[in-house]
Amino acid sequence: MKSDNDVVITGVGIVTCLGVGKEAHLAFLSGAQAGVPQIETERFKPYPVHPMPEIDWSQQIPKRGDQRQMENWQRLGVFSAGLALDDAGLKEDADACASMDMIVAAGGGERDIKVDSLIVDEALKRNDRELLLNEKLTTELRPTLFLAQLSNLMAGNISIVHKVTGSSRTFMGEEAAGISAVETAFHRIKAGQSSHTLVGGAFVAERADILLLVEGINAHATGEWQPLWSRSDESGGGMILGSVGAFLVLESRAHAEKRGAHIYAVIDAIEGDRGNRKDDRLEQRLTRLTGLVDAEAFAETVVFSGASGIVDLSRRERNVLETRLSGASIRGFGGVTGHGMEAQFPLGLALAAISLDGKTKVPAFDADNEKPMDAPATRAVVTTVGYTRGEGVAVLSAA
Amino acid sequence: MSDKRFKDHLGRPIVAVTGMGVITSLGQGLEDNWAALTSGTSGIHKITRFPTDTLSTRISGTVDFITLPAPNAVERSYAFARETTKEALAQAGLSGDFEGPLFLAAPPVEPEWSDRFALADRSLPSQREGDAYDRFLAALRERPDPVFLEAVQFGSISERLADTFGTRGLPVTLSTACASGATAIQLGVEAIRQGRTDKALVAATDGSVSAEALIRFSLLSALSTQNDPPEKASKPFSKERDGFVIAEGAATLVLESLESAIARGAKVLGIIKGLGEKADHFHRTRSSPDGGPAIATIRAALEDAGMDESGIGYINAHGTSTPENDKMEYGSMLAVFGDSLKDIPVSSNKSMIGHTLTAAGAVEAVFSIQTMLTGTLPPTINYTNPDPSIMLDVVPNVKRDGAPKAVLSNSFGFGGQNASLVMTVEPA
């Protein structure tokens with residue numbers, strides 16, 4: 001039952017520790033075995049993180065001046081957005097970019113760790129800390145750093161570098177930002193409020209200032225990498241962050257077909273929710289959300305679970321998925337990419353789109369806990385359960 | 001079923017405003033704010049929140065009269081939005097769980113410096129240059145601090161609002177810089193037009209003024225340095241304007257489909273008739289010199305409203321009091337309205353409340369509707385030496401009677417953000 005206002009994925013821009021771009025990820029999702037992913041265990045010891053792969057920024061950000069105006073977080077977003085536009089065949093289409101809507105899921109940019117260190121170290125010797133702060137911030141802060149930190153300047157830089165200027169909206173709020181971004185884009189296209197939208201986000205894990213926030217509740221796994229569902233409370237909280245860029249070009253079917261675009265997959269349904277997680281309330285919400293999957297049997301379904309690795313939450317999510325979508329193949333992608341925070345949900349959709357389109361039998365990411373697939377899936381379910389709040393589910397079907 | 005009077009020119013549900021709440025440096029609540037705003041009172045004052053002796057800008061429109069459990073941007077922004085939402089829901093006559101979606105414009109947050117200092121105090125001494133965060137991490141491994149985490153999560157303000165007011169689904173927290181408040185309204189209107197809900201709660205809040213925030217804007221030369229007297233610093237469209245005055249505030253609007261508002265007998269305060277947006281790719285902080293994106297934004301809002309420029313009776317300007325914005329905004333309005341612009345009153349609330357940043361678009365939307373409801377145009381104060389290149393009727397210094405049937409409100413921000421709203425008294 002095809003419809004003109006079906007929401008289809010026509011462009012995928014993806015960067016993770018597994019590589020740059022669609023091909024690297026298609027190869028991974030088609031492989032016989034997942035193996036042990038790229039992991040950096042020394043730089044932020046005792047916290048392992050999934051690092052960015054080697055990236056030639058100039059491939060998507062040709063002007064050195066533009067590269068210099070950003071730090072890695074914005075660069076990774078602008079780069080991934082460029083990959084998605086290229087992949088959709090829209091990069092050189094000035095009219096399409098000028099009328100393209102954009103929703104970016106963003107956190108904040110990098111702080112100047114040297115300046116912050118200088119200030120707190122000096123403050124340890126002084127009683128007039130607030131005066132010291134004024135003095136040092138005035139003299140030490142780079143004026144342009146503010147712009148590299150501002151949440152909405154990832155989108156701003158995408159407008160500048162790629163000329164995407166139909167509209168520009170930035171959503172914040174950790175994983176929920178990514179869920180709401182795709183959900184909002186989906187409903188706008190369904191309702192005819194947008195014909196084509198660039199949606200996604202990026203997250204850089206290789207930053208002590210970002211690791212710090214999460215350690216407020218000791219969420220990080222520590223020590224060596226462990227497969228996602230195999231993590232235990234004995235080595236930290238279970239979450240391993242990953243540097244991730246994930247953007248999608250979403251279009252109405254009519255818009256995509258009119259220009260002869262390749263359709264990766266159709267987004268059939270998507271919804272986010274939140275609330276108290278006490279007792280079985282998380283399970284109740286996830287059960288309701290997975291009800292979006294309109295099917296009786298799930299043998300041809302692959303679930304790209306964005307479980308953060310937080311031990312208790314991941315176990316609870318998996319229990320619901322195994323009960324509710326019995327027979328589906330579950331793949332906890334954060335185990336191989338790292339948790340991408342705002343980018344986590346878009347990343348799950350990107351992986352699902354590549355896998356459905358490539359008709360891949362996705363290898364188990366955690367061989368002790370995930371079953372091999374007998375045949376490629378025709379339907380994908382993407383989940384994200386935020387490490388402190390927010391949940392989302394999307395259902396995709398092969399084009 | 002659906003009556004034609006509840007649909008707009010494109011057959012979409014008409015969206016009504018049935019409740020409004022506001023906080024600015026002028027006070028808490030629409031009544032107090034409106035009295036001050038129409039009497040030409042400024043809320044700009046010397047900063048007392050932190051020492052400013054050595055800073056080039058020492059004034060702001062901070063909101064210091066709301067009691068907080070802890071002095072950080074999340075607590076402050078939440079408290080403002082909680083208060084304005086209570087006011088808006090009371091005006092709308094709604095109690096109990098709201099049962100509709102929440103769209104929140106909120107400032108990006110970072111740890112407070114007091115938190116960094118506190119972490120340093122309980123960390124081991126420095127081993128090498130630039131290792132503060134490694135030491136902080138070690139300290140948190142020893143003793144986690146969930147309160148610290150909650151104060152740096154972008155999702156924690158909407159989380160609390162959602163719990164307090166019983167909104168439905170996953171709330172959206174957004175930032176489009178100084179256009180955020182307008183974008184939040186836009187998202188609420190879109191959701192109702194999609195038919196996904198018959199009501200939406202829209203809030204925009206900013207309680208993020210700190211030494212670092214002030215210094216960052218200062219380093220970009222964005223702020224006025226005319227510190228003395230504070231209330232004279234913000235002078236939109238004046239010749240010697242030299243930057244905006246950073247400020248705080250919040251506003252909440254209850255949006256409902258006109259049909260549902262009338263069905264439950266709610267008083268309709270105004271209609272959100274049209275919205276427009278267009279991003280700018282010219283520069284990170286500066287607008288295209290030809291004003292192209294701002295012009296396209298205003299035109300898109302008029303088109304969405306099904307109106308031409310002759311319908312607009314008053315413009316609530318972005319009017320930041322920076323040399324560049326006011327010039328660009330004037331040029332853009334001139335391009336759209338032509339000769340008739342000189343006959344349209346245009347005033348800037350920011351002359352009195354400063355620039356409430358994330359909250360501005362919603363705060364000014366509330367004042368725009370209040371302008372139509374009361375038939376009073378708030379003035380642009382501090383207008384003693386007009387910029388000769390900007391020929392506007394800015395409602396100089398003193399309020400004026402007026403009965404605009406439709407109002408345009410502009411919001412422009414860093415990162416190429418542009419959004420405009422058209423609001424009317426009557427649905428059609």
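Values as computed for the structure displayed
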{"quantity": "Of B:179, B:317, B:151, the one that fluctuates the most in a GNM where chain B has Cα springs shorter than 10 Å", "calculated": "B:151"}
{"quantity": "Qualifying GluC sites (Glu not before Pro) for the range B:230-331 [loop in DSSP, other Cβ within 10 Å: at most 13]", "calculated": "B:240"}
{"quantity": "Charge dipole (debye, nearest 20) of chain A; +1 at Cβ of Lys and Arg, -1 at Cβ of Asp and Glu", "calculated": "400"}
{"quantity": "Rounded if a/c under 1.5, otherwise prolate or oblate - chain B, Cα gyration tensor axes", "calculated": "oblate"}
{"quantity": "Value of [θ]222 nm, deg cm²/dmol, for chain B, DSSP H segments ≥ 4, -39500 (n - 2.57) each, nearest 500", "calculated": "-10000 deg cm²/dmol"}
{"quantity": "Under the span-like rule (Cα at least 18 Å along the axis, Kyte-Doolittle mean at least -1.0), DSSP H helices of chain B", "calculated": "B:73-92, B:180-193, B:292-305, B:323-337, B:360-374"}
{"quantity": "Candidates per GluC sites (Glu not before Pro) in the range A:1-90, loop by DSSP, up to 15 other Cβ within 10 Å", "calculated": "A:42, A:54"}
{"quantity": "Value of [θ]222 nm, deg cm²/dmol, for chain A, DSSP H segments ≥ 4, -39500 (n - 2.57) each, nearest 500", "calculated": "-10500 deg cm²/dmol"}
{"quantity": "Choice from A:182, A:303, A:161 showing the highest fluctuation, given a GNM over chain A with Cα pairs closer than 10 Å", "calculated": "A:161"}
{"quantity": "Residues with amide H under 5 Å from that of residue B:100, placed H, sequence gap 5 or more", "calculated": "B:168"}
{"quantity": "The protein assembly as shown - charge dipole about Cα centre, Lys and Arg +1 at Cβ, Asp and Glu -1, debye rounded to 20", "calculated": "720"}
{"quantity": "Peptide A:157-165 - average C-beta neighbours from other chains (10 Å radius)", "calculated": "5"}
{"quantity": "Residue with peak Gaussian network fluctuation, chain B [Cα springs, cutoff 10 Å], from B:408, B:219, B:124", "calculated": "B:124"}
{"quantity": "Part-to-part distance (alpha-carbon centres) for the range A:69-105 and the range A:299-334, which is given in Å", "calculated": "31"}
{"quantity": "Per-bin percent of Cα-Cα distances, chain A [10 Å]", "calculated": "5, 24, 33, 24, 10, 3, 1, 0"}
{"quantity": "R0 of 51 Å, Cβ-Cβ distance residue B:196-residue A:64: FRET efficiency to nearest 0.05", "calculated": "0.70"}
{"quantity": "Cα gyration tensor shape for the range A:55-127, rounded if a/c is under 1.5, else prolate or oblate", "calculated": "prolate"}
{"quantity": "Two-decimal log10 I(q)/I(0) for the range B:291-395, as the Debye equation yields it once each C-alpha is a single scatterer, q = 0.10, 0.12 Å⁻¹", "calculated": "-0.26, -0.38"}
{"quantity": "Antiparallel bridge percentage (DSSP; both residues within the protein assembly as shown; nearest 5)", "calculated": "70"}
{"quantity": "For the protein assembly as shown, convex hull of alpha carbons as volume per residue, Å³", "calculated": "145"}
{"quantity": "Unit charges on C-beta of K, R, D, E only; dipole of the range A:1-129, Debye", "calculated": "540"}
{"quantity": "Antiparallel DSSP beta bridges within chain B, percent to nearest 5", "calculated": "70"}
{"quantity": "Beta bridge orientation in chain A: antiparallel %, DSSP, nearest 5", "calculated": "65"}
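Throughout, read-outs are computed from the coordinates displayed, never taken from laboratory work. Remember, it's a predicted structure, so these values are computed and weren't measured experimentally. Methodologically, a virtual Cβ is constructed for each residue, glycine included, from the backbone with ideal geometry; neighbour enumeration extends over all protein chains shown.
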